[in-house]
1. Would you mind telling me which residue in A35, A20, A53 has the biggest mean-square fluctuation in a Gaussian network model of the chain, where springs connect alpha carbons within a distance under 10 angstrom?
2. Can you give the extra length, in nm with one decimal, that the chain gains between A70 and L40 once fully stretched, where that is 0.36 nm per residue apart less the Cα-Cα distance?
3. What residue among A26, A73, A62 shows peak mean-square fluctuation when the chain is described by a Gaussian network model with Cα springs under 10 Å?
4. What 222 nm value per residue comes from the helices of the chain, counting each DSSP H run with n ≥ 4 as -39,500 (n - 2.57) and dividing by all residues, nearest 500 deg cm²/dmol?
5. So, R0 is 25 Å and r is the distance between the beta-carbons of V60 and A26; what FRET efficiency does that work out to, to 0.05?
6. Placing +1 at every Lys and Arg Cβ and -1 at every Asp and Glu Cβ, with all other atoms neutral, what dipole size does the range 4-78 have around its Cα centre, in debye to the nearest 20?
7. Out of (1) 89; (2) 143; (3) 112, which label holds the value of volume of the Cα convex hull per residue in Å³ that was computed here?
Amino acid sequence: MVSVEERVREIFANVTGLPADVPPQANLYLELGVASVHALSLLTELETQFDVAIPDDDFVSATSIETLTALMADLTQNAAEARSRAH
């Protein structure tokens, strides 16, 4: 099974064209130079691939692979719990 981090890294690499193995704590914008157009595409692709809505403030605060992974893990867990409560 593919981990959340592996999925985030794969999406990140596909959207930005940067290698998937960037350091987990590197700042995507300041250190890696991710442009705003790539950030918007990354947001859209993460929402699509993980089937969650990402609050804008949370996405802006997630500035590394490490923090994006934690965000996506939390959002997917919350979504799964909400779905199980609904059934």
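1. The residue with the greatest mean-square fluctuation here is A35.
2. Numbers: separation 30, 0.36 × 30 = 10.80 nm, distance 1.87 nm.
8.9 nm is the gain from fully extending A70 to L40.
3. A26
4. Values: 4 runs with 56 residues, N = 87.
Using -39500 (n - 2.57) per qualifying helix, the result is -21000 deg cm²/dmol.
5. On the way: r = 17 Å, r/R0 = 0.67.
Efficiency, from the Cβ-Cβ distance: 0.90.
6. Roughly 160 debye, rounded to the nearest 20.
7. This structure yields the entry labelled (1).
Every number in this text was worked out from the coordinates using simple rules, so none of it is lab data. All values derive from a computational prediction rather than experimental measurement. Cβ: placed from backbone, ideal geometry, glycine included. Neighbour counts: every protein chain shown.
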